[in-house]
Amino acid sequence: MQKKITLPLTDADLDSLKAGDRVLLSGTVYTARDAAHKRMVDQEKEGIPFPIDVAGQVIYYTGPTPAKPGEVIGSAGPTTSGRMDLYTPRLLEKGLKGMIGKGYRNEEVKAAIKKHRAVYFGAVGGAAALIARSIKAVEVIAYEDLGTEAIRKLKIENFPVFVINDVHGGDIYEEGIAQFRQDH
């Protein structure tokens, strides 16, 4: 069964999500990859506020391709989340509530997810064109000079993800490995 969640994430949403849950997200997410994360954190150290208020928001780690005629966006698959691990704890401290990407997170990020009550969602890599069908509108918000890595605001509808790390410390990767070892 898939859960349907309208963003922004509420405390009740966060409490209900468990590692392994399949979820359809609708609402607003922001895109940001490693170059944008680095710039945000570096500028904050210089006293420049983030270009978006991350409190309560979800960031999707993607660098979408240009839209074909008649489409709002090109392929928009997830990028490897570990490249954002250096910056993620700071964004979580500032109130970020969700991230969408692919792959493992380091121990510091997993601890920060639990401490700051956030969730890490996985999107399926290799299905970028299909994922793009769930994106209904796109607007560049900041760092246009970064091209595909600019921060964008996306309106999504029934965007398919699954919970990798939850607010309770659940980790689908660790649980899957443990289950495999138990079965073999």
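The convex hull of the Cα atoms of the stretch 2-183, projected and averaged over all directions, covers 10.2 nm².
Model label points for residue 139 and residue 52, set 7 angstrom from Cα along the Cα-to-Cβ axis, are 1.2 nm apart. Between amide H atoms placed 1.01 Å from N, distances below 5 Å from residue 137 occur with 155, all of them 5 or more places distant or on a separate chain. Going by a ≥ b ≥ c, the root eigenvalues of the Cα gyration tensor, does the stretch 111-160 fall in the rounded group (a/c under 1.5), the prolate group (a/b larger than b/c) or the oblate group? Since a/c reaches 1.5 but b/c is at least a/b, the shape of the stretch 111-160 is classed as oblate. For the stretch 51-139, state which GluC sites (Glu not before Pro) are in a DSSP loop and have at most 15 other beta carbons lying within 10 Å of their beta carbon. Here the sparse-neighbourhood loop sites are 71.
Computed over neighbours whose Cβ is under 9 Å from that of residue 168, the net charge equals 0, Lys and Arg +1, Asp and Glu -1. When the Cα centres of the stretch 102-116 and the stretch 151-177 are compared, how far apart do they sit, in Å? When both Cα centres are located, 12 Å separates them.
Scalar couplings 3J(HN,Hα) for the stretch 93-98, obtained by applying the Karplus form with A = 6.51, B = -1.76, C = 1.60 to θ = phi - 60°, are 4, 7, x, 4, 10, x Hz; x denotes Gly and Pro. Calculated from DSSP H runs of 4 or more alone, at -39500 (n - 2.57) each and per residue, what is the 222 nm mean residue ellipticity of the chain, nearest 500? That comes out to -7500 deg cm²/dmol. Basic side chains Lys and Arg get +1 at the Cβ, acidic Asp and Glu get -1 at the Cβ, and with that the dipole of the chain about its Cα centre reaches some 320 debye. Each label point was placed 7 Å from the Cα along the Cα-to-Cβ direction; for residue 2 and residue 181 their separation is 3.3 nm. Listed values for the stretch 6-18 are Karplus-derived 3J(HN,Hα) couplings in whole Hz (6.51 cos²θ - 1.76 cosθ + 1.60, θ = phi - 60°), namely 9, 6, x, 5, 9, 4, 5, 4, 4, 5, 7, 7, 10, and x replaces Gly and Pro.
Which of rounded, prolate, oblate describes the stretch 11-104, given a ≥ b ≥ c as roots of the alpha-carbon gyration tensor eigenvalues and a/c under 1.5 marking rounded, otherwise prolate only if a/b is larger than b/c? Here the stretch 11-104 falls in the oblate category. Loop-resident chymotrypsin sites (Phe, Trp or Tyr not before Pro) (DSSP state other than H, G, I, E or B) in the stretch 1-82 with no more than 14 further Cβ atoms inside 10 Å of their Cβ are absent. Rg and Dmax of the stretch 15-68, based on Cα coordinates, read 14.5, 40 Å.
Pick from 33, 22, 152 the residue whose mean-square fluctuation is largest in a GNM of the chain, springs joining Cα atoms under 10 Å. In the Gaussian network model the winner is 22.
Values quoted throughout were computed directly from the atomic coordinates according to the rules given, and no laboratory measurement underlies them. Fair warning: this is a prediction, and the values are worked out from it, not measured in the lab. Note that we place each Cβ from the backbone using ideal geometry, even for glycine, and neighbour counts take in every protein chain shown.
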